[in-house]
Each structure stands twice: as C-alpha cells, then as structure tokens.
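The values are calculated or read from the model by the stated rules, or taken from the named source; none is laboratory data. This one's a predicted model, so the numbers in the text were calculated from it and none came from an experiment. Cβ atoms come from the backbone with ideal geometry, glycine included; neighbour counts cover every protein chain shown. The accessibility values were calculated without ligands, DNA or RNA, using every heavy atom of the protein model including side chains. Shrake-Rupley method; radii C 1.70, N 1.55, O 1.52, S 1.80 Å.
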Amino acid sequence: MTPPARPAAGAHRAVGAGPLGGAGTDTVRLAGLRARGRHGCLPAERELGQEFVVDVTLYLDTAPAAVSDDLAKTVDYGELAVRLTRIVEGEPVNLIETLAHRLAAACLADELVEEVEVSVHKPAAPVPVPFGDVIVTVRRRRE
C-alpha cells in the first residue's frame with residue numbers, strides 16, 4: 001500500500017478546513033462598534049436618535065494574508081468600521097432587522113467575505129419593562 005502524498009513545501013491548509021481549503025473557515029470579528037442612529041418606529045426615536053452597538057463576524061480565508069503579511073489580501077477592519085458606522089448614522093429605518101440586513105450586505109460587498117453574522121444591539125429601545133438589551137442577529141452567505 002502506497003502512503004498518501006505529502007503536500008508540497010510551503011503548501012498549507014487551514015485547520016478544520018474542508019477538502020477545498022480554508023475558504024470561510026477563519027473569522028475576523030469587529031465587536032462593540034458604537035454609532036448614533038435614528039432608527040425606530042416611534043417619532044421620538046427618529047427625532048432624538050440613540051446609540052446602536054454592532055458586532056460583526058466575517059467568515060473568510062485569512063491564509064493568503066497571513067502568508068504574505070499583506071493587508072490587501074484580507075479585510076481592512078478599520079475601513080469596514082467606518083462604512084458600517086456611516087450606515088448606522090445614515091438613512092433611518094423602522095426596524096433594526098432592516099438595519100442588520102443593510103450592514104450584512106455592506107460586509108458581503110467585500111469579495112473576500114464568504115459569510116457574515118451581524119448583531120445589532122438597541123440597548124435604549126422603548127421597552128415598557130426593565131430589560132438589558134434588544135439584539136437582532138442575521139447571518140448571510142455569499143450567493
């Protein structure tokens with residue numbers, strides 16, 4: 001019986017990766033991004049605005065960036081944070097579900113991102129009883 005072939009020198013495969021390689025197996029997480037928005041169904045929410053907190057987990061293959069040590073081969077999370085903040089601070093929507101979908105679409109606009117999970121926190125939501133937070137989480141995959 002012949003032993004399995006060894007990978008070529010310098011070849012790699014991400015831990016936990018499937019047979020096609022590491023695509024989508026690594027994550028980059030941006031947690032606790034804070035921005036003021038005017039989202040909500042109530043007039044006071046639109047007039048006064050409130051703080052929203054966003055957590056984003058990007059699923060992508062980070063191996064090309066790690067091997068080359070090149071920012072162009074991964075997601076620039078600083079630039080992403082600016083884009084997401086602009087969305088939160090931008091055009092108001094009634095539902096944080098809508099906001100979460102817009103943020104997910106912005107993340108998937110980067111061709112390196114295979115999948116994204118976005119959580120939008122609305123800690124000052126107009127809930128008539130004591131509560132800690134309202135969170136909507138969506139997970140979207142590149143089509």
Those residues of segment 126-143 that are open to solvent by 70 Å² or more (accessible area, probe 1.4 Å) and either under 11 Å from the mean Cα position of the chain (by Cα) or touching a residue at least 24 places away in the same chain (Cβ under 8 Å) (or both) come to a total of 6
Cβ pairs under 6 Å, 6+ apart, first in segment 104-124 and closer than 11 Å to D55 by Cα, second among the acidic types (D, E) and open to solvent by 40 Å² or more (accessible area, probe 1.4 Å):
H121/D133
Please determine, by comparing only the residues of segment 111-125 that are of a type outside the set (V, I, T) and under 18 Å from V88 (Cβ atoms), which one is surrounded by the fewest Cβ atoms within 10 Å (Cβ to Cβ).
P123
Condition test on A65, is it touching a helix residue (DSSP H, G or I) at 6+ places or on another chain (Cβ under 7 Å), at negative phi and hydrophobic (A, V, I, L, M, F, W, C)?
yes
With D55, D61, D76 as the choices, which residue is over 17 Å from T137 (Cβ atoms), open to solvent by less than 80 Å² (accessible area, probe 1.4 Å) and in contact (Cβ under 8 Å) with a residue 24 or more places away in the chain?
D61
Long-range neighbours under 9 Å by Cβ, at least six apart or interchain, first residue open to solvent by 60 Å² or more (accessible area, probe 1.4 Å) within segment 36-51, second among the small types (G, A, S) and outside any strand (DSSP E or B)
R36/G49; R38/G49; R46/G40; E51/A124
Regarding L103, is this residue under 28 Å from V134 (Cα atoms) and either at pLDDT 95 or above or within 21 Å of the chain's Cα centre (by Cα) (or both)?
yes
Flagged in segment 79-96 as open to solvent by 80 Å² or more (accessible area, probe 1.4 Å), under 19 Å from V134 (Cα atoms) and under 18 Å from the mean Cα position of the chain (by Cα), in numbering order, are E89
What is the number of the single condition among (1) open to solvent by 60 Å² or more (accessible area, probe 1.4 Å); (2) on the phi < 0 side of the Ramachandran plot that T25 does not meet?
(1)
